[in-house]
1. Taking the alpha-carbon distance from residue 74 and a cut-off under 20 Å, which aspartates and glutamates remain once sequence neighbours fewer than 8 residues away in the same chain are dropped?
2. Treat each spin label as a single point 7 Å out from the Cα along the C-beta direction, and report the residue 120 to residue 256 distance in nm.
3. Considering the options 124, 270, 88, tell which one lies farthest towards the positive end of the dipole of the chain, charges being +1 on Lys and Arg and -1 on Asp and Glu at the Cβ, about the Cα centre.
4. If packing is taken as the mean number of other Cβ atoms within 10 Å per residue, what is the order of 54-61, 72-79, highest first?
5. Put a dot 7 Å past each Cα toward the Cβ at residue 132 and residue 88; how far apart are the dots in nm?
6. How would the chain be classified by its alpha-carbon gyration tensor: rounded, prolate or oblate, with rounded meaning a/c under 1.5 and the a/b versus b/c comparison settling the rest?
7. How long is the gain from residue 95 to residue 215 if the chain were fully straight, where each residue apart is worth 0.36 nm and the alpha carbon distance is subtracted?
8. Can you give the helix-only mean residue ellipticity at 222 nm for the chain, where every DSSP H stretch with n ≥ 4 adds -39500 (n - 2.57) and the sum goes over all residues, rounded to the nearest 500 deg cm²/dmol?
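What follows draws every value from the coordinates through simple rules; no lab data is involved. Worth saying up front: this structure is predicted, and the values here are computed from it rather than measured. Methodologically, a virtual Cβ is constructed for each residue, glycine included, from the backbone with ideal geometry; neighbour enumeration extends over all protein chains shown.
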Amino acid sequence: MLRIRKMLFVWHCVSIGLFATSSIFAAFEYQTGGWSAASANIRVIGYQHLDRLLVNPALMEADIQSQVGLQYHKPFMGLDLQSGSLGAVYKVGNLPVVSGIQYFGDDVYSESSLRSGIAWPIDSTFRMGLGISGHHLSVSGFDSRTTLTVSASLFLQLADDIKLGSALEHLVQLNRSLPVPQRFHFGAEYDSGPVVLMFAIEKEAAIPIEFCTALVTSYSRKWQIAVGYRDLSQTTSLGWRLMLKNYRVHYTWILHPDLPDSHGFGLELLLP
């Protein structure tokens with residue numbers, strides 16, 4: 001336990017040092033409208049789902065079931081923007097791996113990313129994750145640009161009902177043709193049984209810290225209902241998820257105070 005505490009201390013010292021020297025970046029990344037959006041887009045803790053696993057691969061357990069998932073989002077109704085993602089969880093040897101492709105944009109502006117991550121169990125309560133991602137940005141009338149980044153994450157189970165998750169997205173950028181903002185996440189989860197409470201903080205480059213809170217409740221082991229709130233953007237989110245034996249379906253609704261509502265749908269298939 002002492003070793004884990006030391007690793008956590010070093011992790012947060014590195015995080016503080018990175019953001020103390022952060023600069024303003026040019027690239028913009030849309031926050032996905034997947035299932036995690038229903039719970040305030042908290043993506044480093046909570047129920048295992050593809051859009052969470054792509055940010056925090058350390059959430060993957062060694063015996064996680066192989067699956068594929070497809071999501072479609074309509075950001076800000078009334079605009080021509082489209083968003084979607086396709087992902088899969090599988091195993092390489094005994095280690096779980098997650099991979100996915102994400103898209104956001106319209107005829108004028110578009111961005112896409114290809115991500116892959118792997119998890120390493122340190123012991124029964126502590127896992128670390130490593131991810132690599134390629135990002136492509138295209139703007140009409142300008143040259144398109146591409147870059148590669150490396151991210152790191154962790155998961156720690158303090159007790160049966162208390163879990164922690166953290167991630168440093170784009171910790172290392174392998175080229176500077178397209179600057180991508182570093183993003184730090186830290187989240188905590190309390191599982192009381194039928195109700196799961198989640199809290200997270202996020203920090204991106206020169207943007208102030210954002211606090212996120214969410215509640216997920218389960219009904220008859222088939223339905224999940226989620227609600228969340230993000231304080232900086234003042235967005236409220238709602239959603240439901242139907243979980244059956246071999247597949248899961250979800251819907252999310254994001255309410256922004258100054259922009260049109262966003263809606264998202266998703267389908268997950270569990271593989272034998």
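1. 29, 51, 106, 107, 111, 258, 261, 268
2. 3.9 nm
3. So the residue furthest toward the plus end is 124.
4. In decreasing order of mean packing, 54-61, 72-79 become 54-61, 72-79.
5. 1.8 nm
6. rounded
7. 40.2 nm
8. -3000 deg cm²/dmol
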